[in-house]
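Single-structure report; data block below.
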Amino acid sequence: MEIKRVVEAILFAANRPMTCKQVQQVFPEIEQPEMQEIQAAIEAIIEDYRARPVELKQVASGYRFQVRQELSRWVSRLFEEKPPKYSRALLETLAIIAYRQPATRGDIEDIRGVSVSSNIIHTLLDREWIRVVAHKEVPGRPALYGTTKQFLDYFNITSLNELPTLQEIQELSVPLDNPSLDTTSQPMQVKSEQQETTGQTIETIERVSETTE
C-alpha cells in the first residue's frame, strides 16, 4: 500500500497532532517506512491540500489536519458551544510570559503595574498554556513561568520565533458574564526605568485578541 495514503489516513483519523516518529510507530514493525519516506509523504500531502479548505499544518506537537483559518468563522457556526473569552488581564499576563519568559509573578506585576490574580495564573496552568520551568534563586524562590507546546499548538505555530509581531495582535474581548476572569480594566503602567525595553510590548499587549479554537 502506498505510504502516502496510509500517512494521510493516520493523520486524518488522529485526534491530536502527530510527529513523524509517532506516525512511523503506527505501522507494524516489519513494515515501518524510513523517517525520510514519512517526511516526504507529509510534504506531498501538504502540497495536495494547498488549494483546499482543509490543510495539513505543522504545530509544535506535530502535524494535524485543520480548517484553514480564513474559513474558521463559518465553520465555528456549526457548534453551539462558543469558544471561551478571556479577560484583558489574563491575555496581558499570557502575552508577557510568552514574550519575556521565563517570568515570575512579580515580573508580570512590575510590567503591568497592577497585581496578578491567582485565578489568572491557575487558569493559564489549567489550560496548559504555561508551566513552572524553574524557581528564581531569591528569597522565597518564586516560580518562573514559561509557555508550553500546548500554547504553541493553540496559536498554530511551531516555535516562539513564529509568534506574531505585537502589532499583528487584534483587540481583545472581556466577557461580561464571567467576573472570575476579569480582574482589572486598568491600563498597564510601566516604571520609568523599564520603559525603554518594554514600551513596545506594553503598547501592543493591550491589543491581545480573543482566540478561537
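The values are calculated or read from the model by the stated rules, or taken from the named source; none is laboratory data. Computed from a predicted structure; not experimentally measured. FYI the Cβ positions are ideal-geometry reconstructions off the backbone, even for glycines, and counts take in every protein chain you see.
Per the listing R77, R88, the residue uniquely under 23 Å from the mean Cα position of the chain (by Cα) and in contact (Cβ under 8 Å) with a residue 40 or more places away in the chain is R88. The residues of segment 94-143 include none that are on the phi > 0 side of the Ramachandran plot, modelled with pLDDT under 90 and under 21 Å from the mean Cα position of the chain (by Cα). Within segment 1-51, being touching an Asp or Glu at 6+ places or on another chain (Cβ under 8 Å), among the β-branched types (V, I, T) and under 24 Å from K149 (Cα atoms) holds for I45, I46. Can you work out which of the residues in segment 52-74 that are under 19 Å from V6 (Cβ atoms) and of a type in the set (A, V, I, L, M, F, W, C) is farthest from the chain's Cα centre (by Cα)? Step by step, filter segment 52-74, then rank; the result is V54. Among the residues of segment 75-83, not a single one is of a type in the set (V, I, T), at pLDDT 80 or above and outside any helix (DSSP H, G or I).
Among residues that are in contact with a Cys (Cβ under 8 Å, 6 or more places away or on another chain), at pLDDT 95 or above and surrounded by 14 or more Cβ atoms within 10 Å (Cβ to Cβ), I46 is not included. Look at (1) part of a helix (DSSP H, G or I); (2) without any contact (Cβ under 8 Å) to a residue 24 or more places away in the chain; (3) of a type outside the set (S, T, N, Q) and you find that I96 fails only one, number (2). In segment 103-130, how many residues are within 19 Å of L160 (Cβ to Cβ) and surrounded by fewer than 16 Cβ atoms within 10 Å (Cβ to Cβ)? Of the residues in segment 103-130, 2 are within 19 Å of L160 (Cβ to Cβ) and surrounded by fewer than 16 Cβ atoms within 10 Å (Cβ to Cβ). Per this entry, K57 is counted among residues that are crowded, with 16+ Cβ neighbours inside 10 Å, closer than 21 Å to T158 by Cα and at pLDDT below 95. Is it the case that segment 128-136 has a residue that's in contact (Cβ under 8 Å) with a residue 60 or more places away in the chain and aromatic (F, W, Y)? No, every residue in segment 128-136 fails to be in contact (Cβ under 8 Å) with a residue 60 or more places away in the chain and aromatic (F, W, Y).
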